[in-house]
1. Inside the range 358-455, counting only helices (runs of 4 or more DSSP H) that do not spill past its ends, which hold 3 or more residues that are open to solvent by less than 50 Å² (accessible area, probe 1.4 Å) and among the β-branched types (V, I, T)?
2. In this structure, does A301 turn out to be touching a Lys or Arg at 6+ places or on another chain (Cβ under 9 Å), hydrophobic (A, V, I, L, M, F, W, C) and buried (at least 16 other Cβ atoms within 10 Å of the Cβ)?
3. Kindly indicate whether F176 is surrounded by fewer than 18 Cβ atoms within 10 Å (Cβ to Cβ), of a type in the set (F, W, Y) and without any contact (Cβ under 8 Å) to a residue 60 or more places away in the chain.
4. What is the one condition in (1) open to solvent by less than 30 Å² (accessible area, probe 1.4 Å); (2) small (G, A, S); (3) part of a helix (DSSP H, G or I) that A71 does not satisfy?
5. Against the condition surrounded by 21 or more Cβ atoms within 10 Å (Cβ to Cβ), more than 20 Å from the chain's Cα centre (by Cα), within 15 Å of L287 (Cβ to Cβ) and of a type in the set (S, T, N, Q), how does S354 come out, does it pass?
6. From G121, G96, G58, G125, grab the single residue that is over 30 Å from G23 (Cα atoms), out of contact with any Ser or Thr (no Cβ under 7 Å at 6 or more places or on another chain) and crowded, with 24+ Cβ neighbours inside 10 Å.
7. If we only count helices (runs of 4 or more DSSP H) wholly inside the range 100-165, which ones have 1 or more residues that are at pLDDT below 90 and out of contact with any helix residue (DSSP H, G or I) (no Cβ under 6 Å at 6 or more places or on another chain)?
Amino acid sequence: MGRADSEEGQLPAPVKPPDGGWGWIVLLGCFVITGFSYAFPKAVSVYFKELMKDFHVGYSDTAWISSIMLAMLYGTGPVCSIMVNQFGCRPVMLIGGLLASAGMILASFTTNIIELYLTAGVLTGLGMALNFQPSLIMLGTYFDKRRPLANGLAAAGSPVFLSCLSPLGQVLLEKFGWRGGFLIMGGLLLNCCTCGAVMRPLDMGMKRKTEKAQDKYEAKEMLPIGGKSEEGISTTDKNKKAKKAKKKPKKGKKLLDFSIFSNRGFIIYTISKFILVLGLFVPPILLVNYAKDTGVPDTEAAFLLSIIGFIDIFARPACGMVAGLKWVRPHVAYLFSFSMLFNGLTDICSARASNYTGLVIFCVFFGISYGMVGALQFEVLMAIVGSQKFSSAIGLVLLIEAVAVLIGPPSAGRLVDALKNYEVIFYLAGSEVVLSALFLAMATYCCLKQGKKKEPPPEKNTSAGGGSDTEEAESDVPEAEEHSSDNHQPAHSTDNAMVVANEEANHVAEEQSGEGGGCPTGDGEVLARDGGNADQTVERDSF
């Protein structure tokens with residue numbers, strides 16, 4: 001019971017998320033990391049034309065740099081989970097920041113495209129992956145009640161950084177060339193180390209230190225007679241040391257917890273997310289070329305992506321605030337399904353847009369729905385698996401998403417080349433997103449809600465006259481009565497320190513009552529306190 005059970009367990013009790021305080025600094029770090037992770041692979045595309053001239057390669061060859069970065073960000077999810085579970089979030093993020101920076105700095109000295117793949121692609125991509133996943137884990141550690149809002153604010157880093165890094169890359173390219181731009185970008189990525197440094201883990205041992213100090217304080221209050229107090233405290237320490245010696249050895253923490261696959265909610269989420277990613281990224285990738293084919297000028301076509309990014313900046317925090325409402329949060333999975341349905345229907349309805357006005361309207365609604373999906377995707381996963389298993393869950397989910405990323409956009413590009421028709425691609429992408437939304441909503445309702453209704457209620461023991469909770473409460477009463485009969489007082493404490501302290505107090509009281517025929521004031525206070533425990537024992541007996 002109480003602290004005794006927590007000490008005998010294998011793991012210490014988790015510290016309650018502060019939902020603020022230093023958590024806001026952690027949120028700022030997560031904002032920066034999310035911005036670099038999602039925006040950086042897109043921002044480096046401004047250097048592609050210069051790379052094509054210097055290395056005499058085609059556009060598809062240079063585009064592999066961004067593809068490798070994204071593949072490393074998604075595909076190395078299990079590796080990141082293992083490292084986080086083994087070493088913790090802060091060391092992994094510091095290493096990731098150094099790798100990401102070193103990759104871009106080394107890329108500025110490369111002499112062929114293969115070296116760029118290994119440095120800017122593999123090394124920088126791995127570094128960003130080692131930053132992105134631990135930052136989300138720390139965000140879930142520091143926030144609970146405000147977690148939907150925190151996820152929405154952190155997710156807003158992606159559009160904000162995309163709107164900043166692309167113009168910055170263009171300025172660096174014009175003033176310093178692509179090599180100087182890569183070198184400066186590598187210096188900017190060192191900020192990931194700063195973000196990793198602020199990811200201070202919550203002190204799991206603070207609770208035990210407080211309890212230990214409280215035990216000594218209680219023992220002194222119960223034993224106000226000088227030397228007897230010290231004797232009681234020493235006896236308490238001996239009993240605790242004996243209990244620790246008997247404690248079973250701790251089990252090593254799993255590097256990757258595959259038991260989450262036994263969670264039906266996680267399976268449903270993973271399948272729906274795989275279907276979602278097949279079509280989610282296709283429209284923004286093909287939008288500019290689609291606009292150009294309809295006769296829109298190049299500058300106006302490129303501005304369409306800026307509209308999506310601008311709307312996305314405000315959509316993500318706003319959706320996070322809505323998801324944090326008391327009457328919405330228990331149903332956040334359905335809100336996520338609605339956001340996916342909204343996004344898919346936007347793709348389908350805009351497939352026949354033939355003028356610039358229609359495309360602008362599409363970008364507005366796509367930015368809103370895309371921001372909702374981005375703000376809710378990790379919040380739903382945290383709600384399903386919990387913060388303890390989130391590190392393993394996100395790694396496995398990102399690995400599965402990597403497969404979908406490598407299938408969806410390339411397949412859409414091949415269909416465009418074969419059919420020469422963007423309308424079919426928008427219909428197909430929208431249908432995939434709608435299918436994922438319907439699957440998540442229906443599977444959540446049928447498999448999870450109905451499954452809970454079919455579970456039989458706990459059997460009641462009629463002979464005992466109460467349910468299982470009552471039996472559990474009454475099972476501790478004989479222990480209290482045993483202490484009461486032995487010590488001539490109704491002691492009802494489960495802590496060994498309190499039991500020893502009460503024994504010493506009664507011993508002193510008996511000696512002084514035998515000699516003086518009375519009871520000192522201090523001892524009277526002790527008995528008064530114990531009398532409160534007796535009332536509690538009577539209440540539990542009646543319960």
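1. On the way: elements: 390-419, 422-443, 450-454.
Helices (runs of 4 or more DSSP H) meeting the threshold: 390-419, 422-443.
2. Numbers: touching a Lys or Arg at 6+ places or on another chain (Cβ under 9 Å): yes; hydrophobic (A, V, I, L, M, F, W, C): yes; buried (at least 16 other Cβ atoms within 10 Å of the Cβ): yes.
For A301, the condition - touching a Lys or Arg at 6+ places or on another chain (Cβ under 9 Å), hydrophobic (A, V, I, L, M, F, W, C) and buried (at least 16 other Cβ atoms within 10 Å of the Cβ) - is met.
3. For F176, the condition - surrounded by fewer than 18 Cβ atoms within 10 Å (Cβ to Cβ), of a type in the set (F, W, Y) and without any contact (Cβ under 8 Å) to a residue 60 or more places away in the chain - is met.
4. (1)
5. For S354, the condition - surrounded by 21 or more Cβ atoms within 10 Å (Cβ to Cβ), more than 20 Å from the chain's Cα centre (by Cα), within 15 Å of L287 (Cβ to Cβ) and of a type in the set (S, T, N, Q) - is not met.
6. On the way: G96 fails: over 30 Å from G23 (Cα atoms); G58 fails: crowded, with 24+ Cβ neighbours inside 10 Å; G125 fails: over 30 Å from G23 (Cα atoms).
Result: G121 is the single residue among G121, G96, G58, G125 that is over 30 Å from G23 (Cα atoms), out of contact with any Ser or Thr (no Cβ under 7 Å at 6 or more places or on another chain) and crowded, with 24+ Cβ neighbours inside 10 Å.
7. Values: elements: 113-116, 124-142, 147-155.
Because the criterion is at least 1 residues that are at pLDDT below 90 and out of contact with any helix residue (DSSP H, G or I) (no Cβ under 6 Å at 6 or more places or on another chain), the helices (runs of 4 or more DSSP H) in the range 100-165 that meet it are 124-142, 147-155.
Matching residues to (1) in a loop (DSSP other than H, G, I, E, B); (2) aliphatic (A, V, I, L, M); (3) at pLDDT below 90:
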site: F266; (1), (2), (3): no, no, no
site: L276; (1), (2), (3): no, yes, no
site: L286; (1), (2), (3): no, yes, yes
site: N289; (1), (2), (3): no, no, yes
site: A301; (1), (2), (3): no, yes, yes
site: L304; (1), (2), (3): no, yes, yes
site: G309; (1), (2), (3): no, no, yes
site: F338; (1), (2), (3): no, no, no
site: F342; (1), (2), (3): no, no, no
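The values are calculated or read from the model by the stated rules, or taken from the named source; none is laboratory data. Values in this document were obtained by computation on a predicted structure and should not be read as measured data. With ideal geometry, Cβ positions are generated from the backbone for all residues, glycine too; neighbour counts draw on all protein chains shown. Note: areas computed on protein heavy atoms with side chains; ligands, DNA, RNA excluded. Shrake-Rupley method; radii C 1.70, N 1.55, O 1.52, S 1.80 Å.
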